[in-house]
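The values are calculated or read from the model by the stated rules, or taken from the named source; none is laboratory data. Owing to the predicted nature of the structure, the values given are computational and were not obtained by experimental measurement. Every residue, glycine among them, receives a Cβ derived from its backbone with ideal geometry; neighbour counts consider all protein chains shown. These area figures cover heavy atoms from the full protein model, side chains too; ligands, DNA and RNA do not enter into them. Shrake-Rupley method; radii C 1.70, N 1.55, O 1.52, S 1.80 Å.
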Amino acid sequence: TKQIADHLNSKKTVVLNLESTTPDVTRRIIDFLGGVAYANGGHVKKVSSAIYIITPYNVEVSGDLVGELENNALFF
């Protein structure tokens, strides 16, 4: 999570796949990274049950991208 936080602090967008983590670990990761995003004015968007997009303040995710990820399993 430190490397992901460093990416967010560098104003980079992160697509996070937590399918292989337990619900407890997922919650802890999202809580931590949500705090990092909030502190930087960013956002966390849930794309599916275990996929999240975390953006810095200078990036906005449009509905089209979210729909594309949900419908076509497009991952960066």
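If you filter region 1-25 down to residues that are closer than 15 Å to residue 61 by Cβ and assigned to a loop (DSSP other than H, G, I, E, B), you find that the one that is farthest from the chain's Cα centre (by Cα) is 11. Determine if region 26-42 includes at least one residue that is outside any strand (DSSP E or B) and touching an Asp or Glu at 6+ places or on another chain (Cβ under 8 Å). Among the residues of region 26-42, not one is outside any strand (DSSP E or B) and touching an Asp or Glu at 6+ places or on another chain (Cβ under 8 Å), which makes the answer no.
Scan region 31-40 residue by residue and report those that are free of Cβ contacts under 8 Å to residues at least 24 places away in the same chain and open to solvent by less than 40 Å² (accessible area, probe 1.4 Å).
34, 35
The set of residues in region 31-59 being modelled with pLDDT under 90, closer than 17 Å to residue 9 by Cα and polar (S, T, N, Q) consists of 55, 58. Within region 4-19, being closer than 16 Å to residue 46 by Cβ, surrounded by 14 or more Cβ atoms within 10 Å (Cβ to Cβ) and in contact with a Ser or Thr (Cβ under 9 Å, 6 or more places away or on another chain) holds for 13, 14, 18. Sub-6 Å Cβ pairs linking a first residue in region 5-16 that is under 9 Å from residue 54 (Cα atoms) to a second residue that is assigned to a strand (DSSP E or B) and at pLDDT below 90, at least 6 apart or interchain, are 13/55, ordered by first then second residue.
Which of the residues that make up region 20-30 are surrounded by fewer than 12 Cβ atoms within 10 Å (Cβ to Cβ) and closer than 18 Å to residue 3 by Cα? Residue satisfying the conditions is 25 alone.
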